[in-house]
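S.K.: After the structure tokens below, expect a handful of questions from me.
Quick note: the coordinates plus some simple rules give every number you see, no bench work behind them. Note that this is a predicted model, so its numbers are computed, not measured. Note that we place each Cβ from the backbone using ideal geometry, even for glycine, and neighbour counts take in every protein chain shown.
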Amino acid sequence: MTPAARVAAAIGLLDEWLAGAPAERLLTNWARANRYAGARDRAAIRDLVFDALRRCRSVAALGGAQTGRAMMIGLMRARGEDLNVLFTGEGYGPAPLCEAEWNAGLAPDDLPELVGCDCPEALAPVLRDSLGRDFLPVMHALQDRAPVFLRVNTRLASLEQARATLAAEGIETRSHPLSPTALEVTSNARRIQAGRAFADGLVELQDAASQAVADMMPLIPGGRFLDYCAGGGGKTLALAARGEGAFFAHDAAPERMRDLPDRANRAGVRVTIAARPQDAGLFDLVLCDVPCSGSGAWRRSPEAKWRMTPDDLARLTDVQAAILDRAAGLVGPGGALGYATCSLISAENGAQIDAFVQRNPAWRVEAERQFSPLEGGDGFFAAVLRRETGEC
Ligand SMILES: C[S@@+](CC[C@H](N)C(=O)[O-])C[C@H]1O[C@@H](n2cnc3c(N)ncnc32)[C@H](O)[C@@H]1O
């Protein structure tokens with residue numbers, strides 16, 4: 001496909017997204033319906049769609065309308081591309097711009113602040129409150145693609161061994177200060193999942209701040225550890241790679257853990273799926289990586305930024321509080337309760353922990369940390385709590 005034909009495909013997909021369809025499903029269906037498109041075309045179209053979604057407000061304003069076509073015009077304007085080359089109407093490319101389109105759209109310097117930083121209007125007050133002076137730098141950081149990070153499975157390889165195996169496949173990496181197991185991929189990220197290092201369990205795809213959250217969780221040798229909101233099991237595997245013990249994974253939606261047994265096998269660790277953790281005894285650590293706004297990960301999942309409402313946020317904070325209260329009952333004497341979100345919003349983070357301690361005065365905060373996208377990884381929050389009296 002020509003670059004112009006890819007732009008035309010992205011325009012169609014963005015129109016469907018604006019009508020309410022989820023981006024991932026649209027891209028999958030598009031690939032099925034257009035078998036002539038190769039892997040490079042699919043990747044390029046995906047990048048165009050996601051680049052536009054990260055900057056949905058600003059590219060629509062630069063293009064002059066909230067349509068797929070205007071968003072692509074706006075994105076190309078933001079990139080300084082020549083619209084006469086991409087919008088020719090030749091082959092499968094989009095039609096040339098009409099007079100009105102040439103004149104439509106704001107200049108970059110005229111974008112209102114929230115539009116220019118692609119902040120959702122309804123969540124702007126809580127984001128401003130939560131981020132303080134970092135509000136604008138963080139919102140601007142979330143307009144760009146996230147770096148690709150790997151977690152080295154130090155049970156199977158050292159950082160240097162993993163780097164060498166990756167380099168032999170043309171995948172260049174560098175270490176990252178957020179976690180001693182993190183490698184930032186600097187070239188050929190698309191080769192990772194087909195490569196040896198990945199197939200042999202030496203590395204997993206995992207954001208560096210997500211790894212740092214797992215690093216913060218206290219493990220004791222031979223202990224019993226529960227990942228209470230395990231999802232795909234990224235944090236379960238990061239914990240299990242750190243030491244010996246019995247690792248359990250639970251999720252209210254067990255189908256999300258479908259791939260976890262295979263991933264654990266590949267990583268050389270054992271993870272027990274706990275359908276009813278309340279029947280599995282007490283634990284030395286219960287980690288609650290709770291459902292959240294995902295605001296720290298909006299670079300990876302940009303549509304969540306535009307679809308989340310303040311009501312959704314209020315519902316989520318209720319769920320988070322209920323999960324913490326339930327999980328606290330699964331922690332044994334002297335054990336720890338871990339809490340994590342990939343959120344930048346304090347109602348889901350520090351305020352949630354403060355409220356938990358108010359409801360449960362026997363617990364104290366042992367560690368607490370907000371990770372900012374300005375540090376390179378996703379925005380994450382993590383806290384470790386311990387019951388002071390040892391009673392349960
Ligand atoms: C942020 S995701 C977890 C991501 C995962 N820990 C990882 O690192 O890949 C939150 C998970 O919480 C699960 N969840 C939602 N409500 C829950 C509940 N009441 N109890 C347990 N899990 C819940 C969701 O199904 C979802 O998989």
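S.K.: For the chain, build the charge dipole from Cβ charges (+1 Lys, Arg; -1 Asp, Glu) around the Cα centre, then report which of SER295, LEU150, LEU62 sits farthest towards its positive end.
M.R.: Most positive-ward Cα: LEU150.
S.K.: Also, I was wondering about something else. Hey, can you rank 272-278, 5-11, 234-240 by average C-beta count inside 10 Å, highest first?
M.R.: On the way: 272-278: 14.3, 5-11: 23.3, 234-240: 25.4.
The packing order, highest mean first, is 234-240, 5-11, 272-278.
S.K.: So if R0 is 45 Å, what FRET efficiency would ARG364 and ARG300 give, r being the distance between their Cβ atoms, rounded to the nearest 0.05?
M.R.: The computed FRET efficiency comes out at 0.85.
S.K.: Give the relative contact order (percent, whole number) for the chain; include only Cα pairs under 8 Å separated by 6+ residues.
M.R.: Dividing the mean separation by the residue count of the chain yields 13 percent.
S.K.: A further question on this structure: Using the charge dipole of the chain (Lys, Arg: +1 at Cβ; Asp, Glu: -1 at Cβ; taken about the Cα centre), state which of ALA274, LEU18, ALA340 has its Cα farthest towards the positive end.
M.R.: ALA274
S.K.: Would you please put 124-136, 337-349, 29-41 in order of how densely packed they are, using the mean number of other Cβ atoms within 10 angstrom per residue and starting with the highest?
M.R.: In decreasing order of mean packing, 124-136, 337-349, 29-41 become 337-349, 124-136, 29-41.
S.K.: Quick one: Kirkwood hydrodynamic radius for segment 148-206, alpha-carbon pairs, angstrom, one decimal?
M.R.: 10.8 Å
S.K.: Let me make sure I get this right: for segment 216-387, a, b and c are the square roots of the gyration tensor eigenvalues over alpha carbons, sorted descending. Under 1.5 in a/c it's rounded, otherwise prolate if a/b > b/c, else oblate. Which is it?
M.R.: oblate
S.K.: Turning to a different aspect of this structure: If a helix is a whole DSSP H run, which ones in the chain reach 20 Å or further along their own axis (Cα) and hold a mean Kyte-Doolittle hydropathy of at least -0.5?
M.R.: Details: long enough: 3-18 (22 Å, 0.92); 39-54 (22 Å, -0.14); 310-328 (27 Å, 0.02).
The qualifying helices are 3-18, 39-54, 310-328.
S.K.: When the dipole is taken about the Cα centre of the chain, and only Lys, Arg (+1) and Asp, Glu (-1) are charged at their Cβ, what size is it in debye, to the nearest 20?
M.R.: Working: 43 positive and 49 negative charges, 208 e Å.
The calculated dipole for the chain is roughly 1000 debye.
S.K.: Just grab the label-to-label distance for ALA280 and ASP200, each label 7 Å out from Cα along the Cβ direction, in nm (one decimal).
M.R.: Between ALA280 and ASP200, the label points sit 3.1 nm apart.
S.K.: For segment 127-175 and segment 295-322, write down the distance between their C-alpha centroids in whole Å.
M.R.: 22 Å
S.K.: OK, next. Express the relative contact order of segment 254-392 as a whole percentage, based on alpha carbon pairs under 8 Å and six or more residues apart in sequence.
M.R.: Reported as a whole number, the value is 26 percent.
S.K.: Using the Cα centre of segment 148-206 as the reference point, and only Cβ charges (+1 on K/R, -1 on D/E), how large is the resulting charge dipole? Debye, rounded to the nearest 20.
M.R.: Here segment 148-206 has a charge dipole of around 60 debye.
S.K.: Relative to the present Cα-Cα distance, how much length would full extension add between ALA107 and ARG32 at 0.36 nm per residue of separation?
M.R.: That pair, ALA107 and ARG32, stretches by 23.2 nm at full extension.
S.K.: So how compact is the chain: Cα radius of gyration and Dmax in angstrom?
M.R.: Looking at the chain, its Cα Rg and Dmax stand at 22.7, 74 Å.
S.K.: Next question. Students often check this: by mean Cβ neighbours within 10 Å, which of 371-378, 224-231 ranks highest, and how do the rest follow?
M.R.: Taking the mean over residues of other Cβ atoms within 10 Å, the ranking is 224-231, 371-378.
S.K.: Can you show me the helix-derived [θ] at 222 nm for the chain, built from DSSP H runs with n ≥ 4 at -39,500 (n - 2.57) apiece and divided by the number of residues, rounded to the nearest 500.
M.R.: Working: 18 runs with 164 residues, N = 392.
One gets -12000 deg cm²/dmol as the mean residue ellipticity at 222 nm.
S.K.: If the label point is 7 Å along Cα→Cβ of ARG79, which residues in segment 35-57 have backbone nitrogen under 14 Å from it?
M.R.: 41-55
S.K.: Let me have the relative contact order for segment 3-116, percent, based on Cα pairs under 8 Å that are six or more residues apart. Each step should come with its number before you reach the end.
M.R.: On the way: 140 pairs, mean separation 35.1, N = 114.
Relative contact order comes out at 31 percent.
S.K.: Counting only other residues whose beta carbon sits under 12 Å from that of GLY68, what net charge do I get with K and R as +1, D and E as -1?
M.R.: Charge balance near GLY68 sits at -1.
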